[in-house]
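Rule-based calculations on the coordinates, nothing more; no lab input. Quick caveat, the model's predicted, so the values are computed rather than measured. Using ideal geometry, Cβ is built from the backbone for each residue, glycine included, and neighbour counts are taken over all protein chains shown.
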2 protein chains.
Amino acid sequence: MPGTAEGVDVPSASDVLRRCRELVRPALVDAVGRLHPWTGEMAAYALGWSDTTGTPEPGGSEGKGVRQALALLGAEAVGADAARAVPGAVAVELVHTFSLLHDDVMDADALRRRRPAVWKAYGTGPAVLAGDALLARAVTGLAETPSDHAAAAVRRLCDALNDLVAGQAEDLRFEHRPWHGPGAVGPEQYRSMAEGKTGALLGCALALGAVLGGAPEPTVAALDRAGRHLGLAFQAVDDILGIWGDPATTGKPVHADLHRRKKTHPVLAALAGGSRAARELGTLLASSRPADGAAAERVAALVEEAGGRAATRGEARRHLDAARDTLRATALTRTAARELDVLFAGLADRVR
Amino acid sequence: MPGTAEGVDVPSASDVLRRCRELVRPALVDAVGRLHPWTGEMAAYALGWSDTTGTPEPGGSEGKGVRQALALLGAEAVGADAARAVPGAVAVELVHTFSLLHDDVMDADALRRRRPAVWKAYGTGPAVLAGDALLARAVTGLAETPSDHAAAAVRRLCDALNDLVAGQAEDLRFEHRPWHGPGAVGPEQYRSMAEGKTGALLGCALALGAVLGGAPEPTVAALDRAGRHLGLAFQAVDDILGIWGDPATTGKPVHADLHRRKKTHPVLAALAGGSRAARELGTLLASSRPADGAAAERVAALVEEAGGRAATRGEARRHLDAARDTLRATALTRTAARELDVLFAGLADRVR
């Protein structure tokens, strides 16, 4: 639904996402078509285009395509045609899909967008292979882009990939750290993990659009920074949904992150307070009993009471503000900057 | 042990491999050091540098480093200093390690170089992650190489990666194909799989050395072709060792590939013959009983009797000859060409 700001029509976040998906779709279909037919089938399933028999499932479980949209808007924001960013959009979308496939294996997440995860539907080995194929195809497509900026774009994508994998490594290592005391996960370590795991690829998407659009390095760096802040806001929102999200909306079980005893921002923030609730929470988490329904319910209530939910909402708001401020401080074309602002707000709006 | 050919001292294959490993080692250590410490520890274990506690295990279970050697010799063969190919050598060695980590997950191979595979030692998720980290680091290092040829090198590596993953996909799909009849795996399909799975990276290693050494495209293409033939010879040898190899040498259980009912060259070649042994073999394989020790023994004997072992030895010899012929038909510097020839022969010598 279009709104108006300063007298100019501004499309809604979902309008922006739809327009970008339509622009990128043919190139994305082409990229998946270049895979081995079997990995291509798994990729099409992961992208929500088809079911496990390869039968098209139009509009079924497709992702929003945030990363591809950021890539196109990154190019438009620096005055280039969105078409120049399409190879970057395809690359980040494929890398995102790769990371979902492999992360679901590592986290033993059985559900993804309300359907069985690829490893559940096809097996662990095939899911690993399909992820590898997507990653290889992502870098290849970008490296083959007929543009003077292709090599710089590949370096950007590689940097994001390393950050993404390091962030996932940090996140997995958090499981082995104590809930409190000397070895506990501090706020800075949490932020660094989330920036790698979620921020790096969002920043890269925007930056790739700007690189392929021929923007100077300071503009590229600013867009990367804005995307990383967006990622931190996005992750904070995701952490809130991982505890209090409605399963009908999130497609995940209630209290999913608590059952998995994940060290997410709300829990860590709650533990950092010195309240009675924080202490009870600490004791409860330190006990090695598996978190059944009632225990998870109690943990969620204590996290909220100890201020964890509010702190994470604050974290999301701060990073969303920082992301928008970064955009405003950068010389960008007016229309794309507005669309980015709408998109940013829309992505962090899920809990505001 | 040095030998002489045409009156010139020629080092042995293991001399060549050792010299190349020493040249590449500092850059390889640096690359692994750039990984997240946890993935770095798994990478060091996979490379045979340390045990699962991170304690150095010098000379323990290190690979021969065939791919890194091919990269350096590829540069020397086109008249460039080996140092120029070091980033390519690091890249192919990291990609090889990535593929071992992920393939062992996909194939449920518990042993690698006489030690538990990474997924056995660290868990499946961590092994997948470490593979991802190695792959990302491989492409990054090459993309960041300060050379006019870096972008071309990245494209070469990407092409090999896609072939490698497609080859692994083909190999996994073979499991679901019948042993004989209309849907059976034909010799051309087997060759295409093996060329992707094994040949692509060996060809890429040689080609990368030549690319980074500034060689013209026809020379690069010829070296790539030679490496692919070498890969097919290597795979044929590997298939023979997978059935008849001495566990003390291969580090794998006796008849390993038969227990896993893998569709390898000796078995497929044996089935293709029309002899009585071939028919009995077909009946035995078509029965869905698990292959116990006695059954595997009988299968191995029938494969041999039906000519599968000889056919595969012939396949290895043909591709080794084609690889050497390709080298000889290419204008290369004399010393490097000789060392390549020695190395090629050494690699396929394991069953000659």
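Would you mind getting me the FRET efficiency between B:E304 and B:A184? Use the beta-carbon distance for r and R0 = 30 Å, nearest 0.05.
Values: r = 20 Å, r/R0 = 0.67.
So, using R0 = 30 Å, E works out to roughly 0.90.
Quick check: the distance between the Cα centres of region A:276-352 and region A:45-99, to the nearest angstrom?
About 25 Å separates the Cα centre of region A:276-352 from the one of region A:45-99.
Using packing as a proxy for protection, rank B:70-78, B:211-219, B:131-139, B:156-164 so that the peptide with the highest average count of other Cβ atoms within 10 Å comes first. Show your work: numbers first, answer last.
Details: B:70-78: 30.0, B:211-219: 20.0, B:131-139: 27.7, B:156-164: 24.0.
In decreasing order of mean packing, B:70-78, B:211-219, B:131-139, B:156-164 become B:70-78, B:131-139, B:156-164, B:211-219.
Based on alpha-carbon positions alone, could you give the equivalent ellipsoid semi-axes of region B:84-215 from the gyration tensor, as √(5λ), descending, whole Å? All intermediate terms of the calculation are to be shown ahead of the outcome.
On the way: eigenvalues 162, 87, 21 Å².
Semi-axes from the Cα gyration tensor: 28, 21, 10 Å.
For chain B, with a Gaussian network of springs between Cα atoms less than 10 Å apart, report the residue from B:G181, B:G199, B:G79 with the top mean-square fluctuation.
B:G181
May I ask for log10 I(q)/I(0) of region A:1-121 at q = 0.16, 0.18, 0.22, 0.23 Å⁻¹, from a Debye sum over the Cα atoms as equal point scatterers with solvent left out?
Rounded to two decimals, the profile gives -0.81, -0.97, -1.27, -1.34.
Take every Cα pair under 8 Å in region A:229-340 that's 6+ residues apart, average their separations, divide by the length, and report that relative contact order as a whole percent.
Working: 119 pairs, mean separation 39.2, N = 112.
The value is 35 percent.
From zero outward in steps of 5 Å, how is the percent of C-alpha pairs of region B:219-352 spread across the bins?
Final binned percentages: 2, 11, 19, 18, 15, 11, 9, 7, 4, 2, 1.
What residues have an amide H closer than 5 Å to that of B:V10, excluding those fewer than 5 places away on the same chain, when H is modeled at 1.01 Å from N in the peptide plane?
Excluding prolines and chain starts, which carry no amide H, the hits are B:G3, B:T4, B:A5.
For a Förster distance of 45 Å, can you work out the FRET efficiency between the beta-carbons of B:K64 and A:E144, rounded to the nearest 0.05? Show your work: numbers first, answer last.
Numbers: r = 32 Å, r/R0 = 0.72.
The value I calculate is 0.90.
Cα convex hull of the protein assembly as shown: how many Å³ per residue?
That works out to 165 Å³ per residue.
Calculate for the protein assembly as shown the 222 nm mean residue ellipticity that helices alone would give, adding -39,500 (n - 2.57) per DSSP H run of length 4 or more and normalising by residue count, nearest 500 deg cm²/dmol.
On the way: 34 runs with 480 residues, N = 704.
Calculated mean residue ellipticity at 222 nm is -22000 deg cm²/dmol.
Which entries in A:K120/A:K197; B:K64/B:K262; A:K262/B:K262; A:K262/B:K197; A:K120/B:K262 show an alpha-carbon gap greater than 28 Å?
Values: A:K120/A:K197 23 Å; B:K64/B:K262 25 Å; A:K262/B:K262 40 Å; A:K262/B:K197 38 Å; A:K120/B:K262 24 Å.
Result: A:K262/B:K262; A:K262/B:K197 exceed 28 Å.
Enumerate by residue number the GluC sites (Glu not before Pro) in region B:229-334 meeting two conditions: DSSP loop (anything except H, G, I, E, B), and at most 14 other Cβ atoms within 10 Å of the site's Cβ.
Numbers: sites: B:E280, B:E297, B:E304, B:E305, B:E315; in loops: none.
Listed in order of number, the matching sites amount to none.
Taking the Cα-to-Cβ direction at A:A345 and at B:E280 and moving 7 Å from each Cα, how far apart do the two end points lie in nm?
Each label point lies 7 Å from its Cα, and together they span 8.1 nm.
Would you compute, for the Cα atoms of region B:272-333, the largest minus smallest coordinate along each principal axis and list the three values in descending order, in whole Å?
Ordered largest first, region B:272-333 gives principal extents of 54, 23, 16 Å.
Let me check the size of region B:3-351 from its C-alpha atoms; what are the radius of gyration and Dmax in Å?
My reading of the Cα-based Rg and Dmax gives 20.2, 61 Å.
Please identify the DSSP H helices in chain A that span no less than 24 Å along the helix axis (Cα) and have a mean Kyte-Doolittle hydropathy of 0.0 or more.
Numbers: long enough: A:13-33 (29 Å, 0.23); A:86-107 (31 Å, 0.76); A:124-143 (29 Å, 1.11); A:150-174 (36 Å, 0.26); A:217-244 (40 Å, 0.37); A:308-328 (30 Å, -1.25).
Membrane-span-like by this rule: A:13-33, A:86-107, A:124-143, A:150-174, A:217-244.
Taking amide H positions as placed in the peptide plane 1.01 Å from N, state which residues far from B:S50 in sequence (5 or more) or on other chains have amide H under 5 Å from it.
Sorted by chain and number, the residues that satisfy this are B:Y45, B:E57.
Can you tell me the relative contact order of chain B? Whole percent, Cα pairs under 8 Å, sequence separation 6 or more.
Details: 578 pairs, mean separation 64.4, N = 352.
Dividing the mean separation by the residue count of chain B yields 18 percent.
Starting from the Cα of A:S192, step 7 Å along the direction of its Cβ; do the same at A:A108; then give the gap between the two resulting points in nm.
About 2.8 nm separates the two model spin labels.
What is the calculated FRET efficiency for A:V29 to A:D325, with r their C-beta to C-beta distance and R₀ = 51 Å, to the nearest 0.05? Walk me through the intermediate numbers first.
Working: r = 37 Å, r/R0 = 0.72.
With a Förster radius of 51 Å, E is 0.85.
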